[in-house]
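Below you will find the structure I want to go over with you.
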Amino acid sequence: MPAPLPVIPKREGEYWTARQRQMHSLHYVVSYRAAFKPELPDYFIRRYTKAGQIVGDPFCGRGTTVLQANILGRYAYANDISPFAVWLTRAKTNPVPLSEVCSFLAGIDWEGSVAESYPPELLLFYHPKTLHELLLLKKSIREAETPVARFVALLAVSRLHGHSPGFFSVYTMPQFSVPPQAQRRINRKRRQVPEYRPVLPRLLAKAKAALRDGQIAKIRRMSMHNCYTRCDARTLYGWQSESVDLIVTSPPFLNKVDYLANNWLEYWFLDIDPETFGAQMLQTANLEEWQAYMACFLQEMERVLKPGGVCVIEAGDVLYRKQTINLDETIAAALAAAGCRFLQPLEVLIQRQNFTKLSHCFAVTNNCKGTNTQRMLVLQKK
């Protein structure tokens, strides 16, 4: 029989505020489904590291851990199998002054011609003139290939779809790209057709909001030394052994989010082909398969952490075959199966608070359904 799992101390409370948008404005430049709040990495970065140390996120997503590390004067390692996630993280951690954004946009001939073809389904979301301006913007960004162009692309991605006049699209979901057939139903139900929404003023408004909290020079100074990689989190090429002081991450949950379908408009704008990486992503509804993946992942965390380094894995509780599964316990079991000699569990922190508007969009109610708590398994390398 396998050895019983060690008893891991659990602490429950509200470790950061439930209030929205309390951190640096750059954190909120893009909505990203299944992303944790910046208060989470902020709590652990302050608790376990000092200025100048290295913080890593092997599933960097929208770059929350990496950006907060740079804001707090730490260097960062960012990885994801998705090129969109790595691009997003790099763009957010390399902001540019508002004056440079304005200069770039002023150099675009918004009445010019563009020969690029596009999927006809885009007209479910955009007025033809708005779409024409987006194509002109895509062309200018692609031709420039500069940090300014990349940051402008980030601003554009943030405005591609949403529920208010500040977005380029007709009314739709802001957190993910609705499939064309679903958008057709939304348009029919709301009796709406895309209206012309000029791209330029919306980009300028978003730039002002994203850069409102400043610290551009500091963030860029720290991010110059960041490491950005795109590979399987079980084999982190480019991450040297015993090089990282703290890892704060959240692996993909059990088949909760389809990251490929949810970002198809972003992939279109950035010319990302999901077929080049989709098969490599961890998207499974099988608990045993997920646990086996995590066992290999934990072996890699043991390799890259410095002695004394800490790994914080955010996981929730999920409904699996009509039973509630605490994924931190699944990860703890994976740690035992992995045979890690030096990576040991310290505690589980359970964050309980009222859910946000975004959670309610996906029928997640407070502490009773779906992925509805945040459970942080804290490990340390001895």
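Quickly run through the range 90-105 and pick out the residues that are closer than 21 Å to Leu72 by Cβ and either among the hydroxyl-bearing types (Ser, Thr, Tyr) or free of Cβ contacts under 8 Å to residues at least 40 places away in the same chain (or both).
Thr93 - this is the single residue of the range 90-105 that is closer than 21 Å to Leu72 by Cβ and either among the hydroxyl-bearing types (Ser, Thr, Tyr) or free of Cβ contacts under 8 Å to residues at least 40 places away in the same chain (or both).
Under 6 Å between Cβ atoms, at least 6 apart or on separate chains: pull out the pairs that start in the range 75-89 with a residue that is closer than 19 Å to His225 by Cα and small (Gly, Ala, Ser) and end on any residue that is modelled with pLDDT under 95 and surrounded by 22 or more Cβ atoms within 10 Å (Cβ to Cβ).
That search, which allows pairs on different chains as well, returns Ala85/Gly61.
Okay, next question. Restricting attention to the range 247-261, does a residue exist that is modelled with pLDDT under 95 and in a helix (DSSP H, G or I)?
Checking the range 247-261: at least one residue is modelled with pLDDT under 95 and in a helix (DSSP H, G or I).
On to the next question. Kindly check whether there is at least one residue in the range 111-122 that is surrounded by 16 or more Cβ atoms within 10 Å (Cβ to Cβ) and touching a residue at least 40 places away in the same chain (Cβ under 8 Å).
Yes, the range 111-122 contains a residue that is surrounded by 16 or more Cβ atoms within 10 Å (Cβ to Cβ) and touching a residue at least 40 places away in the same chain (Cβ under 8 Å).
Read through the list (1) out of contact with any helix residue (DSSP H, G or I) (no Cβ under 6 Å at 6 or more places or on another chain); (2) under 30 Å from Ser140 (Cα atoms); (3) buried (at least 17 other Cβ atoms within 10 Å of the Cβ); (4) among the β-branched types (Val, Ile, Thr), then give the number of the only condition that Ile219 fails.
With (1) out of contact with any helix residue (DSSP H, G or I) (no Cβ under 6 Å at 6 or more places or on another chain); (2) under 30 Å from Ser140 (Cα atoms); (3) buried (at least 17 other Cβ atoms within 10 Å of the Cβ); (4) among the β-branched types (Val, Ile, Thr) applied to Ile219, the lone miss is (1).
The conditions are (1) in contact with a Phe, Trp or Tyr (Cβ under 8 Å, 6 or more places away or on another chain); (2) part of a strand (DSSP E or B); (3) within 24 Å of Trp87 (Cα to Cα), and Ile272 fails exactly one of them. Which is it?
Of (1) in contact with a Phe, Trp or Tyr (Cβ under 8 Å, 6 or more places away or on another chain); (2) part of a strand (DSSP E or B); (3) within 24 Å of Trp87 (Cα to Cα), only one is false for Ile272: (2).
Quick one: in the range 312-348, of everything that is part of a strand (DSSP E or B) and β-branched (Val, Ile, Thr), which residue is surrounded by the fewest Cβ atoms within 10 Å (Cβ to Cβ)? Give the steps one after another, and end with the answer.
In the first step, residues of the range 312-348 are kept if they are part of a strand (DSSP E or B); the result is 312-315, 317-320, 323-326, 343-348.
From the residues that got through so far, the ones that are β-branched (Val, Ile, Thr) too are 312-313, 318, 324-325, 348.
Values: Val312: 24, Ile313: 26, Val318: 19, Thr324: 11, Ile325: 16, Val348: 21.
Checked the range 312-348; the qualifying residue surrounded by the fewest Cβ atoms within 10 Å (Cβ to Cβ) is Thr324.
Can you tell me which of Phe104, Phe59 is outside the structural domain of Ala336 (by TED's automatic domain parsing) and among the aromatic types (Phe, Trp, Tyr)? If you could, list the steps in order and put the result at the bottom.
Numbers: Phe59 fails: outside the structural domain of Ala336 (by TED's automatic domain parsing).
Result: Phe104 is the single residue among Phe104, Phe59 that is outside the structural domain of Ala336 (by TED's automatic domain parsing) and among the aromatic types (Phe, Trp, Tyr).
OK, next. Which pairs turn up if I take residues in the range 179-195 that are under 20 Å from Glu266 (Cα atoms) and look for partners that are of a type in the set (Val, Ile, Thr) and assigned to a helix (DSSP H, G or I) with beta carbon separation below 8 Å, at least 6 apart in sequence or on another chain?
Cβ pairs passing all conditions: Pro194/Thr130.
OK, next. Here is a check on your reading of the model: is Thr146 surrounded by 13 or more Cβ atoms within 10 Å (Cβ to Cβ), at pLDDT 95 or above and more than 22 Å from Leu98 (Cβ to Cβ)?
no
Return yes when Glu288 is surrounded by 15 or more Cβ atoms within 10 Å (Cβ to Cβ), more than 18 Å from Gly61 (Cα to Cα) and acidic (Asp, Glu) and no when it is not.
Numbers: surrounded by 15 or more Cβ atoms within 10 Å (Cβ to Cβ): no; more than 18 Å from Gly61 (Cα to Cα): yes; acidic (Asp, Glu): yes.
Here the answer is no, as Glu288 does not meet what is asked.
Right, here's the next one. Please determine whether any residue of the range 267-280 is among the acidic types (Asp, Glu), on the phi > 0 side of the Ramachandran plot and modelled with pLDDT of 85 or more. Don't jump to the end; show me each part of the working.
Of all residues in the range 267-280, those among the acidic types (Asp, Glu) come to 271, 273, 275.
Adding the requirement that they be on the phi > 0 side of the Ramachandran plot leaves 271.
From what is left, the residues that are modelled with pLDDT of 85 or more are 271.
Yes.
Could you list, in sequence order, all residues of the range 143-177 that are more than 25 Å from Leu260 (Cβ to Cβ) and not in a helix (DSSP H, G or I)?
If the condition is that a residue be more than 25 Å from Leu260 (Cβ to Cβ) and not in a helix (DSSP H, G or I), then Glu145, Thr146, Ser164, Pro165, Gly166 are the ones that fit.
Quick one: how many residues across the range 218-233 are under 21 Å from His24 (Cα atoms) and either touching an Asp or Glu at 6+ places or on another chain (Cβ under 7 Å) or part of a helix (DSSP H, G or I) (or both)? Steps first, answer last, please.
To start, the set of residues in the range 218-233 that are under 21 Å from His24 (Cα atoms) comprises 218-226.
Filter once more, keeping what is either touching an Asp or Glu at 6+ places or on another chain (Cβ under 7 Å) or part of a helix (DSSP H, G or I) (or both): 218-223.
Qualifying residue count, the range 218-233: 6.
The values are calculated or read from the model by the stated rules, or taken from the named source; none is laboratory data. The model shown is predicted, which means the values in this text are computed figures rather than measured ones. Counting neighbours? That spans all protein chains shown, and the Cβs are built from the backbone with ideal geometry, glycine included.
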